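Each remark here refers to the structure printed beneath this line.
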Amino acid sequence: MKNDLCDRTFVFAKNVIIFLKHLPCKKEADVIRYQLARSATSIGANYEESQAAFSTEDFKFKLSICFKEAKETNYWLRLIQATELVLNNEIQLLIKESEELKNIFGKIVKGLNKGRGKP
């Protein structure tokens, strides 16, 4: 069975890494580059791990990390846009996708916390 969320988080991480090549070589951009790369790739990595969870609690924990990392990723992308470190339209697409991932994982985590179990 195909898992679209696995593919989606992988493609998102790939697109963020490619986008990071456009950040200027400045100390302040280096901090953002590192933090954004870490959080954006963590979303998919933790989702992949959740698919092999050994317990419901482990599954919930991994998905809650996905939600938190999606929120952090959205923060860094919005900061890049607000500070105009990169001026192109790609940032808008990445912000939109990070918001959608944040909403997806937020809804899943909320549902799991209501005792619905593994979706």
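The values are calculated or read from the model by the stated rules, or taken from the named source; none is laboratory data. If you're wondering where the values come from, they're calculated on a predicted model, not measured in any experiment. Here the Cβ positions follow ideal geometry from the backbone for every residue, glycine too, while neighbour counts run over all protein chains shown.
Quick rundown of the values:
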item: Members of the stretch 1-28 that are within 16 Å of Glu69 (Cβ to Cβ) and basic (Lys, Arg); result: Arg8, Lys14
item: Residues located in the stretch 19-49, provided they are among the small types (Gly, Ala, Ser) and at pLDDT below 95; result: Ala29
item: Looking only at the stretch 66-119, and only at residues there that are closer than 21 Å to Gln35 by Cα and of a type in the set (Lys, Arg), the one that is surrounded by the fewest Cβ atoms within 10 Å (Cβ to Cβ); result: Lys96
item: Residue list for the stretch 74-119, restricted to those being modelled with pLDDT under 90 and in contact with a Ser or Thr (Cβ under 7 Å, 6 or more places away or on another chain); result: Gly117, Lys118
item: Wholly enclosed helices (runs of 4 or more DSSP H) of the stretch 1-93 bearing at least 2 residues small (Gly, Ala, Ser); result: 27-50, 56-83
item: Residue in the stretch 33-40 that is among the aliphatic types (A, V, I, L, M) and over 17 Å from Ile95 (Cβ atoms) present; result: no
item: Answer residue from the stretch 1-46, given it is in contact (Cβ under 8 Å) with a residue 40 or more places away in the chain and more than 19 Å from Val86 (Cα to Cα) and is surrounded by the fewest Cβ atoms within 10 Å (Cβ to Cβ) among those; result: Asn3
